[in-house]
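For reference, the structure is listed below as structure tokens.
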Amino acid sequence: MKQHATLVALSKDLADGSYSSVELTRSYLQRIERYNPQLNSFITVCAEQALEQAAAADKQRQQGSAGPLTGVPVALKDIFCTEGVLTTCGSRMLENFVAPYDATVVSRLKQAGMVLLGKTNMDEFAMGSSNESSYFGAAANPCNDRHVPGGSSGGSAAAVAAGLAPAATGTDTGGSIRQPASFCGITGLKPTYGRVSRYGMVAFASSLDQGGPMTRDAADAALLLSAMAGFDAADSTSAQPHMPGVSSSDEWLQQVRQSGLQPLTQPLTIGLPREYYAALDNADCGQALESMRKTLEADGHRFVDVSLPHTEAAIPTYYVIAGAEASTNLSRYDGVRFGHRCQDPADLDDLYERSRSEGFGAEVKRRILTGTYALSVGYYDAYYLKAQKIRRLIAEDFSRAFKTVDLLLAPTAPGPAFQLDELTRDPVAMYSQDKFTVPVSLAGLPAVSIPCGESAGLPLGAQLIGPAFAEQSVLAAAHQFQQLSDWHNRFRPLAEESA
Ligand code: GLN
């Protein structure tokens, strides 16, 4: 069966009756069984439930009520609460947590008739850029298993790249969809903040967290987004239809559901943020972006130089804000209300201290400590408040740029996937991996990472960034490039061995 097929192709095959959802699901499950020991991209495989969902989808199709995603398998990052299924968030703290309810994203995918293959590996509480902070062990990059798949949605990226799932959900707080997509040679969209409900998505940094699709190409990202997105009263920061730009983009999503992603209708003006290119020291990456620019230029799009002057401040700003929010969000894991509880506590303080010391890994502790420090009396103004002010300046940089350009083209990551263990002893070097992704997160904007080249056999990614709620043009431009190039089809690791 077509293990590296797109959602669009699988949807068509299921509609044509080329195979049933049960057959399709079984073939993915077999592949997971075969390759997951090597890749470690799934923490939990939901074989039994998946086959039941597939059988229900086949029945629905027979009854004539199938939608475009009915019976199509998908994997979920293990940060999305899934009723009756282990939801660990990559942490020992939640090692035994079986969610009592579905995240809105999960219930929407179920409603669309999708088959949930399992829960994918991730950095602990989504803190990391390599998947190495997972309590369940690092995941491998299927393009080269000595390299990391990126993070924090590393398991999702690896699963899609290796054809263990045709698509997956991810979350992006500072780059966690885009950077692993770039490292594994797939397409990953971080939607506008508020576009996809955060209800039931384990919180890391609530003002930044955003769920999104990780797929083989932009047309699939649009299709999966159309099933995930939409207003949700259960998320207080969910974008409401009356907000500027939301209702027209809601209509667009509906159109995608009905007839797929439509091509671009007019040439675009695309900005090249000069600070990003100045900070890019990987020659292969520079060349790949240059040839992507030429391809789009030959297609009639115009490129102009733009400046985002506060780019350099994004990493420290992000790590203050994300840490501060994490330190408050993670206070709920105290061994009483939630999470791992230590054995035989002597008293309440001992219970809290040991439960948290045992339940959290080193990176999570580092974030809690730095975040608590940034919020403490006497330091709040110097760190947290200042970071909030700089966040505003960064957002204003983008607003100014989008007065003159439709989109921005930038690298996703400083280079290709690094090696396992290469950066684990240097947290600051690990953090600097996010230098091109965090500014977009701080500004709450949509951005897609798509494959645009390679370096030593490993994929490279480019980001197309748009104004708030402009997923339509971001994805249409990505799709246009994918019509004119085949980078998104080149990285098909393990394809030759497919069952
Ligand atoms: N690598 C970043 C961090 O560690 C981003 C993570 C994310 O987007 N969840 O915080």
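The values are calculated or read from the model by the stated rules, or taken from the named source; none is laboratory data. Since this is a predicted model, take the numbers as computed values, not measurements. Every residue, glycine among them, receives a Cβ derived from its backbone with ideal geometry; neighbour counts consider all protein chains shown. Please note that ligands, DNA and RNA were not included when accessible areas were found on the heavy atoms of the full protein model with its side chains. Shrake-Rupley method; radii C 1.70, N 1.55, O 1.52, S 1.80 Å.
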Tell me which residues come under 5 Å, amide H to amide H, from T44 once H is placed; ignore anything under 5 positions away on its chain.
K119
Based only on the alpha carbon positions, what is the Kirkwood hydrodynamic radius of the chain, in angstrom?
22.3
The lysines whose Cα lies under 20 Å from the Cα of K119, excluding any fewer than 8 residues away in the same chain, are K77, K110, K190
In the chain, taking the dipole from +1 charges on Lys and Arg beta carbons and -1 charges on Asp and Glu beta carbons about the Cα centre, the listed residue (N329, P241, Q38) farthest towards the positive end is P241
Percent of C-alpha pairs per 5 Å bin, the stretch 109-249, short to long
2, 12, 20, 23, 20, 13, 7, 2, 1, 0
Separation between Cα centres of the stretch 239-317 and the stretch 69-133, rounded to whole Å:
29
If you find the alpha carbon centre of the stretch 417-465 and of the stretch 188-228, how far apart are they in angstrom?
17
Counting only the heavy atoms of the protein chains, how much of D299 is accessible to a 1.4 Å probe, in Å² to the nearest 10?
60
Quick one: net charge around G444, please, counting Lys, Arg +1 and Asp, Glu -1 for every other residue with C-beta under 15 Å from its C-beta.
-1
For the stretch 200-343, what relative contact order do you get, as a whole percent, if you take Cα pairs closer than 8 Å and at least 6 residues apart?
28
Largest-first ordering by accessible area, 1.4 Å probe, given options F398, F338
F338, F398
Would you mind computing the Rg to Rh ratio of the stretch 370-499 from its alpha-carbon coordinates, Kirkwood style for Rh?
1.06
Antiparallel DSSP beta bridges within the chain, percent to nearest 5:
70
Note down the magnitude of the dipole of the stretch 93-152 about its Cα centre, charges +1 on Lys and Arg C-beta and -1 on Asp and Glu C-beta and zero elsewhere, to the nearest 20 debye.
280
Cα-centre dipole for the stretch 36-171 with unit charges at Cβ (Lys and Arg positive, Asp and Glu negative), debye to 20:
300
With a Cα-only, solvent-free Debye model of the stretch 263-304, what are the log10 I(q)/I(0) values at q = 0.18, 0.24 Å⁻¹?
-0.57, -0.86
Rounded to the nearest 10 Å², what accessible area does S248 have for a 1.4 Å probe in the complete protein model?
70
Please state the relative contact order of the chain as a whole percent: Cα pairs under 8 Å, 6+ residues apart?
18
Global size of the stretch 296-430 as Cα Rg and Dmax, reported in angstrom
20.8, 71
Solvent-accessible area of L94, probe 1.4 Å, all protein chains present, reported in Å² to the nearest ten, please.
10
Result for the stretch 66-107: accessible area per residue, probe 1.4 angstrom, in square angstrom, of 25
In Å, the Kirkwood hydrodynamic radius of the stretch 359-398 over pairs of distinct alpha carbons?
11.4
Length released on extending from S248 to S432, taking residue separation times 0.36 nm less the Cα-Cα span
62.6 nm
Could you compute the FRET efficiency for A362 and R34, with r as their C-beta to C-beta distance and R0 at 35 Å, rounded to 0.05?
0.60
What share of Cα pairs, in percent, lie more than 19 angstrom apart in the stretch 71-150?
40
Hey, any idea what % of the stretch 339-497's accessible area is carbon plus sulfur with a 1.4 Å probe?
52
Per q in 0.13, 0.20 1/Å, what log10 I(q)/I(0) does a Debye calculation on the alpha-carbon atoms of the stretch 1-92 return?
-0.47, -1.02
Stick to the Cα atoms of the stretch 84-124, pair each with every other, and give me the Kirkwood hydrodynamic radius in Å at one decimal.
11.2
Relative contact order (%) - the stretch 54-210, alpha-carbon pairs under 8 angstrom, separation at least six:
22
Using bins 5 angstrom wide from zero, how does P(r) for the stretch 128-210 break down, in % of all Cα pairs?
3, 18, 26, 25, 17, 8, 2, 0
Looking at the calculated P(r) for the stretch 430-499, what percent of the C-alpha pair distances fall above 19 Å?
48
